[in-house]
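As structure tokens, the structure follows; a few thoughts come after it.
The values are calculated or read from the model by the stated rules, or taken from the named source; none is laboratory data. As the structure is a computational prediction, the values presented were derived from the model and not from experiment. Cβ: placed from backbone, ideal geometry, glycine included. Neighbour counts: every protein chain shown.
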Amino acid sequence: MSRQDVLVTADWAEKNLGTDGIVFVEVDEDTTAYDGGHLPAAVKINWTTELQDPVRRDIVSKEQFEQLLSSKGIAEDDLVVLYGGNNNWFAAYAYWEFKLYGHEGVKLLDGGRKKWELDGRPLTTDEVSRPSTSYTAKDADLSIRAFRDEVVDSIGVKNLVDVRSPDEFSGKILAPAHLPQEQSQRPGHIPTAINVPWSKAANEDGTFKSDDDLRELYGEAGLDGSQPTIAYCRIGERSSHTWVVLRELLGHSDVKNYDGSWTEYGSLIGVPIELGTGSR
Amino acid sequence: MCGAPDQSVALPAGTDLTKETVLVGRVLASGSPVAGAFVRLLDGTGEFTAEVVASASGDFRFFAAPGTWTLRALSRSGNGEAVLTADGPGLHTTELAVA
């Protein structure tokens, strides 16, 4: 994969709004952001209700994913360009889920909503509707998804990359600082994990750093890209951002996103937890 | 109270200000609120901690911890920074000027 296989620039996006075969999809942490103005012709996916099962704690099933994309008017051969607020956290989460269910043509708008807005590019509140499709997904590609037992077995064996902020990693706080601090989990991190906050991979305007800067970042952090890696955060969205960096931009061959992340791991009975700045 | 954070921006139900350290503020350009600025919270080492979009009235809020924090805003009206020290739990307020 190279950068142009993964990302589109805001310039490219603006020139290709409304092009047949390209579907722009907004996915935001703030699920009301789209309603206040979105890219012309973009449809919305609500990550809380449409990318996750409404009852069980899990991502949507293959069948639910098929229903979702059919209802959004997305076909198997469409190029889907995902974008969102908060530096594309949830757009990256959607990107990972699209890849998981085998959608080949999916890219991220580099910089997401933030760069788009800072550039003063057009936003509209026009209602967007696309004729529904009959989408067929592939079976979930579990080579890019880690579950808790594999994570526990990976302690001291595989690369574990905790992409949360240093204060979350050390156990000082339990959630990013724009959210109330939940108390249901124990604070800390998975032993032997290294802490490379997702934010180090992004520029201030939300775009990804250059490939050279990214290689230097993870090289200095001691991440051996030839070894299997599992990335995690709190609920799996920031680690999707890092998953995109490691697997899609840097081309590491075996990178999984642990979407259960700290809200699952920190609630498990009996698993090892490390506090402080880490042992590696 | 010109420029003071909008106290009508209610904290979530159940926020306990005897335990939580809440940082609130307003983004201003030449004294006027800036809607939709991107406000990030940086810790004492300059490390990114969180980012929010300021409301229509320019207001923003973070749930943090005691310590010294830098708030940095990017907007169409310009960029700016402010430093806020929270010496303990409670509501801590600041203004963040961009130019």
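Residue-wise test of (1) surrounded by fewer than 13 Cβ atoms within 10 Å (Cβ to Cβ); (2) of a type in the set (D, E); (3) within 25 Å of A:G206 (Cβ to Cβ); (4) facing chain A (nearest Cβ under 10 Å).
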{"position": "B:P12", "(1), (2), (3), (4)": "yes, no, no, yes"}
{"position": "B:D16", "(1), (2), (3), (4)": "yes, yes, no, yes"}
{"position": "B:R26", "(1), (2), (3), (4)": "no, no, yes, no"}
{"position": "B:L41", "(1), (2), (3), (4)": "no, no, yes, yes"}
{"position": "B:A73", "(1), (2), (3), (4)": "no, no, yes, no"}
{"position": "B:N79", "(1), (2), (3), (4)": "no, no, yes, yes"}
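Of the listed requirements (1) away from every other protein chain (no Cβ under 14 Å); (2) part of a loop (DSSP other than H, G, I, E, B); (3) surrounded by fewer than 18 Cβ atoms within 10 Å (Cβ to Cβ), A:V152 misses just one: (2). The residues on offer are A:E29, A:E76, and the sole one that is within 28 Å of A:L246 (Cβ to Cβ), away from chain B (no Cβ under 14 Å) and not small (G, A, S) is A:E76.
In the stretch A:155-179, the qualifying residues are those that are within 14 Å of chain B (Cβ to nearest Cβ) and basic (K, R), and the one that is farthest from B:T15 (Cα to Cα) is A:R164. Of note, A:A91 satisfies the criterion of being away from chain B (no Cβ under 14 Å), within 18 Å of A:W198 (Cβ to Cβ) and either exposed (fewer than 14 other Cβ atoms within 10 Å of the Cβ) or of a type outside the set (D, E, K, R) (or both).
Taking the stretch A:36-64 as the range and being among the acidic types (D, E) and under 14 Å from A:G85 (Cβ atoms) as the test, no residue passes. Somewhere in the stretch A:272-280, is a residue modelled with pLDDT of 95 or more, within 20 Å of A:I155 (Cα to Cα) and part of a helix (DSSP H, G or I)? Among the residues of the stretch A:272-280, not one is modelled with pLDDT of 95 or more, within 20 Å of A:I155 (Cα to Cα) and part of a helix (DSSP H, G or I), which makes the answer no. You will find that of A:A75, A:A140, A:A92, the residue that is part of a loop (DSSP other than H, G, I, E, B) and under 26 Å from A:R234 (Cα atoms) is A:A140 and no other.
Looking across the stretch B:44-69, the residues that are out of contact with any Gly (no Cβ under 7 Å at 6 or more places or on another chain), more than 20 Å from B:S30 (Cα to Cα) and not aliphatic (A, V, I, L, M) come down to B:T45, B:G46, B:E47, B:F48, B:T49, B:E51, B:R61, B:F62, B:F63, B:W69.
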